[in-house]
Amino acid sequence: MKPDAEQLRERVLRLTRELAEADGALAHVVQTCQHQYGQPVYDPIHHKAYTIPGDPPGTMGVDWRGPCYVPAETIRRWKKVCTLCGDTRYTQNTRPTGEAPVFGDERT
């Protein structure tokens with residue numbers, strides 16, 4: 001094996017171990033945090049419109065599919081972020097009385 005390839009493989013293994021350790025440490029911090037979430041922020045998900053091209057010409061048959069337009073879509077979503085640990089929660093639920101978001105960890 002070339003020396004460069006061997007060094008890169010060792011580096012990847014080391015970084016993978018460090019990432020696993022950091023991920024575990026962060027999970028512990030989030031789990032033990034006394035969360036203090038800020039105000040919910042509207043954070044929609046936008047999907048652009050596009051056209052599925054369909055089957056190429058000359059492939060006509062009983063299962064031929066022509067071009068299909070898919071319209072743009074906006075999914076309404078809110079998020080809140082813990083000011084202590086940075087944990088982010090998302091929701092698409094709202095209260096029946098209006099636009100106020102309802103997160104799964106709240107009691108209404």
- Task: Kindly provide the chymotrypsin sites (Phe, Trp or Tyr not before Pro) of the chain that DSSP labels as loop, not H, G, I, E or B, and whose Cβ sees at most 12 other Cβ atoms within 10 Å.
- Result: Trp64
- Note on the structure: Most exposed first, judged by fewest Cβ atoms within 10 angstrom, Asp23, Asp55, Asp63 run Asp63, Asp23, Asp55
- Of the trypsin sites (Lys or Arg not before Pro) in the range 43-108, which ones lie in a loop per DSSP and count no more than 12 other C-beta atoms within 10 Å? Lys48, Arg65, Arg107
- Item | Charge sum, other residues only, whose C-beta stays under 12 Å from Gly54's C-beta, Lys/Arg counted +1 and Asp/Glu -1 | -1
- Classify the chain: rounded, prolate or oblate, from the alpha-carbon gyration tensor (a ≥ b ≥ c, eigenvalue square roots; a/c under 1.5 rounded; otherwise prolate if a/b is larger than b/c)? oblate
- Tensor-based shape of the range 14-53 (alpha-carbon gyration tensor, a/c under 1.5 rounded, otherwise prolate or oblate): oblate
- Message: Could you work out [θ]222 nm for the chain from helices alone, using -39500 (n - 2.57) per DSSP H run of at least four and dividing by all its residues? Round to the nearest 500 deg cm²/dmol.
- Response: -10000 deg cm²/dmol
- Query: Which of the aspartates and glutamates could a cross-linker span from Lys80 if the Cα-Cα distance has to be under 16 Å and same-chain partners fewer than 8 positions apart are dropped?
  - Reply: Asp43, Glu99, Asp105, Glu106
- In whole Å, what are the Cα extents of the range 42-90 along the three principal axes, biggest one first? 61, 17, 14
- Query: Are there cysteines in the chain with no other Cys C-beta under 4.7 Å, and if so, which?
  - Reply: Cys68, Cys82
- Between the alpha-carbon centers of the range 1-51 and the range 68-108, tell me the distance in whole angstrom. 22
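Values quoted throughout were computed directly from the atomic coordinates according to the rules given, and no laboratory measurement underlies them. Small disclaimer: the values here were computed from a predicted structure and weren't measured. Reconstructed Cβ throughout: ideal geometry from the backbone, glycine too, with neighbour counts over all protein chains shown.
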